[in-house]
Amino acid sequence: MPKLPRIIDRRTAARTRLFHVEQLDLQFSNGNIAHYERLAGAEGGAVLVVPMLDERTVLLIREYAAGVHRYELGLPKGKIEGAEPLLEAADREIQEEVGYGARRLRHLTTLSVAPGYLAFSTHIVLAQELYPSRLEGDEPEEIEVVPWRLDRLEALLREEDFTEARSLAALYLVRDTLERERVAADA
């Protein structure tokens, strides 16, 4: 593996309510100096939760997505608040966004979105053994909850409002994980 470049300087290039753009001046092991900009991520990152209503049905949400200015179908997600443990953040998010808590939560993996310019991690969490529980969230309107069977993932890909890569990756990961667990339990 190559040696990481040395950070010569790091400074804020711009800051808004949501975004912090950093400029990095780097020196690579061959002596070359390069200038990069990146979006600094939130401390702790975010959770993306796969809430399973039963062993075959996931609860998706449809909510407004400002980046593409339309309603998008995907999985509940949100920022980890301060030092909040990621499983607690996942449980809080599904209570706010789908009206369920989970008795069983598992961290499956951590993904990056665009590591070339975005310093941000998304923790994929599987939520099972759901029970009704609602917490007040920060959403400006009620979120539509859409049950979807995991055996219909190919049909979901044809939905014009389902385009988020993190949700797609998480659903395939969960589908395959649960199938492996079913096969192992039957063996």
| task | Please verify whether segment 10-28 includes one or more residues that are under 30 Å from Val145 (Cα atoms) and surrounded by 14 or more Cβ atoms within 10 Å (Cβ to Cβ). | result | no
| query | Taking the stated definitions as given, is Ser121 free of Cβ contacts under 8 Å to residues at least 24 places away in the same chain, over 14 Å from Val58 (Cα atoms) and surrounded by 14 or more Cβ atoms within 10 Å (Cβ to Cβ)? | reply | no
| Selection from segment 93-112 of residues that are among the hydroxyl-bearing types (Ser, Thr, Tyr) and either at pLDDT 95 or above or in contact with a His (Cβ under 6 Å, 6 or more places away or on another chain) (or both) | Tyr100, Thr109, Thr110
| message | Here is a list: Gly74, Gly82, Gly99, Gly78. Which entry is more than 16 Å from Asp138 (Cβ to Cβ) and either in contact with a helix residue (DSSP H, G or I) (Cβ under 9 Å, 6 or more places away or on another chain) or surrounded by fewer than 19 Cβ atoms within 10 Å (Cβ to Cβ) (or both)? | response | Gly74
| remark: Flagged in segment 7-49 as within 30 Å of Arg92 (Cβ to Cβ), touching a residue at least 24 places away in the same chain (Cβ under 8 Å) and of a type outside the set (D, E, K, R), in numbering order, are Leu39, Ala40, Gly41, Ala42, Gly44, Gly45, Ala46, Val47, Leu48, Val49
| remark: Among residues of segment 157-187 being of a type in the set (A, V, I, L, M) and over 23 Å from Thr110 (Cβ atoms), the residue surrounded by the fewest Cβ atoms within 10 Å (Cβ to Cβ) is Ala187
| message | I'd like to check something: does segment 10-24 contain any residue that is more than 28 Å from Gly82 (Cβ to Cβ) and touching a strand residue (DSSP E or B) at 6+ places or on another chain (Cβ under 7 Å)? | response | no
| query | Counting only residues that are under 30 Å from Arg182 (Cα atoms) and of a type in the set (Val, Ile, Thr), how many does segment 1-55 have? | reply | 3
| field | Hey, Glu43 at pLDDT below 95, over 21 Å from Val146 (Cβ atoms) and not in a loop (DSSP other than H, G, I, E, B) or not | value | no
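The values are calculated or read from the model by the stated rules, or taken from the named source; none is laboratory data. Computed from a prediction, not measured in an experiment: that's the story for all the values here. Because the Cβ atoms are built from the backbone with ideal geometry, glycine has one as well, and the counts that use them run over all protein chains shown.
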